[in-house]
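Where a number appears in this text, it was derived from the coordinates with a stated rule and is not lab data. What you see is a predicted model, and the numbers here were worked out from it, not measured in a lab. All Cβ positions, glycine included, derive from the backbone under ideal geometry; neighbour counts span all protein chains shown.
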C-alpha cells in the first residue's frame, strides 16, 4: 500500500511540476526533456529512496547500495555489456520478425505503430549537435535512467517480489515488468533478458552498483553513438552489428557473453543466508 501511495503522490507532483515548467508539447524536444528529467528523478530516484527510508532504518543497505566489490568486478561488467552488443542486436532483430496470428492483426498493427512512434521519438531525443546537449543527454538517458530504473526495478520491485516468491522468480518478474513498461514490443525479449541480467548481478553480488553500471553503459553507448552518427562522424552502426550479413558476430557475441556471465557468477556469487532470501 505504501508503494502505491508513494507512486500516486509522485505522479501528482510530476503532473503539477510539468504544468508549471513545461508546455506539454511533444514536438518541443526541450520541453520533453524537461518532463523526462522531472519524471525520472522523482519516480525512479526519489520514490525508491523514500520507500527505502520508510521501510528500513538503513535505507542504503536496504537498497544494497553500500559500496562493495573489487574493481575487477566493475571492469568485467563493463566488458560484458560491450561484448553483448551484437548478441542483443541479433535478439532484437529476431524479436522484430515476430508475427501474431491473423485474428490478432489489429493488435499487431497497433503494436507496430506504437513501436514506430517511440523509435521516431527516441531518435529526436538523441539527435543533438553540441557537447552541452550530448552531456545532458548522457545525464538524462544514461546516468539518471541507469540509476533510477535500477533503484526501482531491482532495488525495490525485485526485493518485493522475492518476499512473495523465490529470488530467481523475482528476478524474472522484475525483468518482465521492466521490459513491459517501455511499451516497445519488438524489443521486449532482449530488454527482458537485459533486465534479468541486471537482476542476477544484484542477486549474485548484493551490490546494486553493478547493475547500475551495466544499465548506464548500455544506454550511454547508444547516446554517444547517435551523437557521432548525427554529426557526420564515420562510425560503425552498432545497432546492426550481429544482424544480416554479420549474424555470425551475433553468434560469437552470444558465446562470449555466456562466458562473461559464467565468470561474473563465479566471481560475484555470495552464498545467501538461508533466512535472507528463498532460493
Extension gain residue 258-residue 5, at 0.36 nm per residue separation less the Cα-Cα distance, in nm?
87.1 nm
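Once you sort the root eigenvalues of the Cα gyration tensor of region 169-246 as a ≥ b ≥ c, which label holds: rounded (a/c under 1.5), prolate (a/b larger than b/c) or oblate (the other case)?
Working: a/c = 2.41, a/b = 1.71, b/c = 1.41.
Prolate.
Stick to Cα atoms and the Kirkwood definition of Rh, then tell me Rg/Rh for region 78-140. Walk me through the intermediate numbers first.
Numbers: Rg = 16.4 Å, Rh = 14.7 Å.
Reported Rg/Rh (Cα atoms, Kirkwood Rh): 1.12.
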Rounded to two decimals, the Debye log10 I(q)/I(0) of region 95-189 (Cα scatterers, no solvent) at q = 0.10 Å⁻¹ is -0.41
In what sequence, highest mean first, do 36-48, 187-199 appear when ranked by Cβ atoms within 10 angstrom?
187-199, 36-48
Please arrange 73, 182, 129, 215 by how many other C-beta atoms lie within 10 Å of their C-beta, fewest to most.
129, 182, 73, 215
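Counting alpha carbon pairs within less than 8 Å and at least 6 residues apart, what relative contact order, in whole percent, applies to the chain?
Working: 333 pairs, mean separation 76.6, N = 279.
For the chain, the relative contact order is 27 percent.
Quick one: 119, 150, fewest Cβ neighbours within 10 Å first, how do they rank? Write out the running numbers ahead of the final one.
On the way: 119 13, 150 31.
Starting with the residue having the fewest Cβ neighbours, the order is 119, 150.
What translational diffusion coefficient, in µm²/s and rounded to a whole number, does the Stokes-Einstein relation yield for region 146-279 at 4 °C and a viscosity of 1.567 mPa s, taking the hydrodynamic radius as the Kirkwood radius over Cα pairs?
Working: Rh = 16.3 Å.
Once the numbers are plugged in, D ends up at 80 µm²/s.
Run lengths n ≥ 4 of DSSP H only: what is the helix-derived mean residue ellipticity at 222 nm for the chain, with -39500 (n - 2.57) per run over all residues, to the nearest 500?
Working: 14 runs with 185 residues, N = 279.
So the helix-based figure for the chain works out to -21000 deg cm²/dmol.
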Counting each pair of different Cα atoms once, what's the Kirkwood radius of region 1-62 in Å, rounded to one decimal?
12.6 Å
Separation of the residue 231 and residue 104 label points, Cα + 7 Å toward Cβ, nm
4.3 nm
Distance from region 130-167 to region 1-79 (C-alpha centre basis), Å:
7 Å
Fewest Cβ neighbours within 10 Å first, please rank 98, 35 accordingly.
98, 35
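Given a Förster distance of 30 Å, report the FRET efficiency between residue 265 and residue 182 from their Cβ-Cβ distance, rounded to the nearest 0.05.
Details: r = 27 Å, r/R0 = 0.88.
Computed FRET efficiency for residue 265 and residue 182: 0.70.
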Estimated FRET transfer efficiency when R0 is 25 angstrom, pair residue 96-residue 169 (beta carbons, to 0.05)
0.35
